[in-house]
Amino acid sequence: MRKLRIVTILIILFSTGLFSKDRLTNVGTTAASFLEVGVGSRAIGMGGAFVGIANDVSSLYWNPAGLGVMTKGETVFEKVDWLAGISFNYFGAAVPLSGYGTLGFFINSMTMSTMKVRTVQYPDGTGEDFDASSFAVGLSYGKNLTDRFSIGFNVKYIRESLWHEKSSSFAFDVGTLYQTGIKGLRIGAAITNYGPDMKLDGSDLIIYHDPDPLIDGNNDKIMGKLLTEKWPLPLNMQFGIGYDICDTKYLRVTTAIDAFHPINNTESVNIGCEIAIVKMLFLRAGYKALGQQDTEEGLTLGGGINYRLFGQSNIKLDYAYTDFGRLKSTNRFTLRLDF
């Protein structure tokens with residue numbers, strides 16, 4: 001318990017003592033922001049404090065080292081009506097390889113409905129439609145290096161499009177998970193979205209230019225192209241702990257706290273709790289982005305059920321509610337199936 005208190009104090013000092021209200025947040029200065037949308041109603045219901053828990057298929061997103069502790073294969077399906085009519089979808093699967101670690105696969109996307117192209121001259125639309133979308137597809141691997149220490153990796157291809165412009169890149173995640181030997185206490189760390197900058201390019205950037213409009217008779221239709229800037233990926237460093245306060249046959253109470261250090265915002269802390277009743281009914285609560293400047297995130301709530309299917313597999317249905325303040329709230333359902 002003394003070690004747990006020390007680690008908790010360090011996280012709180014990291015997340016509060018270093019904050020400054022005058023610090024620039026760098027919000028809106030990265031590409032592929034959809035990579036920052038958390039995955040899994042279980043983790044979201046716990047306030048996104050899952051780096052130190054990481055013991056199910058959603059470890060693909062939070063901490064790939066968690067794949068190393070999985071003993072059964074598991075899949076996850078998720079469709080979320082995100083903010084402003086945007087749709088977020090995720091599919092992931094993890095398969096243990098009989099002593100050779102665990103292999104995983106995932107694909108996530110964020111899409112919007114088509115909209116009319118409007119200009120000053122044609123406020124009701126030009127007759128064209130546009131849309132925007134983002135997706136990432138990746139492979140994961142996690143393995144126990146010892147009976148207490150696990151490590152995991154993700155490699156993913158990222159692509160974003162806006163009307164006729166597109167941009168793509170690759171990114172890597174790396175995570176570790178350590179079972180401390182203190183019953184129920186584990187410590188996790190992860191670095192996510194490390195990769196080359198992204199830059200939009202496409203036919204919409206082509207323009208016609210008159211190099212000197214003061215000269216009559218010159219070619220006023222010289223083809224040119226607008227130059228776009230490169231933007232970095234939303235690199236994030238995370239550190240978290242999970243601890244089972246109570247773990248019996250009929251009741252388990254798990255608490256978690258994570259510290260985040262993103263390149264496009266201030267440091268913050270997520271906290272969460274999960275209560276498991278006879279391993280069938282789950283209640284969760286948490287709070288996101290403690291200490292973060294200018295955030296609308298906050299309270300999260302959730303729950304879930306675990307049903308034994310055909311006496312072999314478990315089907316798990318999880319729900320999470322997230323409060324976004326002035327942006328209202330989101331509700332998400334996640335389906336997990338082990339095999």
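The values are calculated or read from the model by the stated rules, or taken from the named source; none is laboratory data. Bear in mind that the values here come from a model prediction, so they are computed numbers and not experimental data. Using ideal geometry, Cβ is built from the backbone for each residue, glycine included, and neighbour counts are taken over all protein chains shown.
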If a residue has to be in a loop (DSSP other than H, G, I, E, B), under 30 Å from Ala54 (Cβ atoms) and either among the hydrophobic types (A, V, I, L, M, F, W, C) or within 18 Å of the chain's Cα centre (by Cα) (or both) to count, how many in the range 107-146 make the cut? 1
Going by the structure shown, is Leu317 hydrophobic (A, V, I, L, M, F, W, C), surrounded by 13 or more Cβ atoms within 10 Å (Cβ to Cβ), in a loop (DSSP other than H, G, I, E, B) and touching a Ser or Thr at 6+ places or on another chain (Cβ under 8 Å)? no
Return a yes/no flag: does the range 287-305 have any residue that is at negative phi, assigned to a strand (DSSP E or B), polar (S, T, N, Q) and surrounded by fewer than 18 Cβ atoms within 10 Å (Cβ to Cβ). no
Scan the range 293-314 residue by residue and report those that are at pLDDT below 95 and under 17 Å from the mean Cα position of the chain (by Cα). Thr295, Glu296, Glu297, Gly298
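This table checks each residue for (1) without any contact (Cβ under 8 Å) to a residue 60 or more places away in the chain; (2) at positive phi.
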site	(1), (2)
Trp82	no, no
Phe88	yes, no
Gly101	yes, yes
Gln121	yes, no
Glu128	yes, no
Asp131	yes, no
Phe153	no, no
His164	yes, no
Flag if Asn270 is in contact with a Lys or Arg (Cβ under 7 Å, 6 or more places away or on another chain) and surrounded by 19 or more Cβ atoms within 10 Å (Cβ to Cβ): yes
Considering only residues of the range 54-80 that are at pLDDT 95 or above and among the hydroxyl-bearing types (Ser, Thr, Tyr), which is surrounded by the fewest Cβ atoms within 10 Å (Cβ to Cβ)? Thr75
Filtering the range 172-225 down to residues that are surrounded by fewer than 17 Cβ atoms within 10 Å (Cβ to Cβ), small (Gly, Ala, Ser) and either touching an Asp or Glu at 6+ places or on another chain (Cβ under 6 Å) or in a strand (DSSP E or B) (or both) yields Gly202, Gly224
Just to check your reading of the model, which residue among Ile275, Ile271 is part of a strand (DSSP E or B), of a type in the set (Val, Ile, Thr), in contact with a strand residue (DSSP E or B) (Cβ under 6 Å, 6 or more places away or on another chain) and more than 22 Å from Leu335 (Cβ to Cβ)? Ile271
Enumeration of residues in the range 50-81 that are touching a Lys or Arg at 6+ places or on another chain (Cβ under 9 Å) and part of a loop (DSSP other than H, G, I, E, B): Phe50, Gly52, Ile53, Ala54, Asn55, Asp56, Val57, Ser58
Select from the range 254-289 the residues that are without any contact (Cβ under 8 Å) to a residue 60 or more places away in the chain, under 19 Å from Ser41 (Cβ atoms) and among the hydrophobic types (A, V, I, L, M, F, W, C) and list them in ascending order. Ile275, Ala276, Ile277, Met280, Leu281, Leu283, Ala289
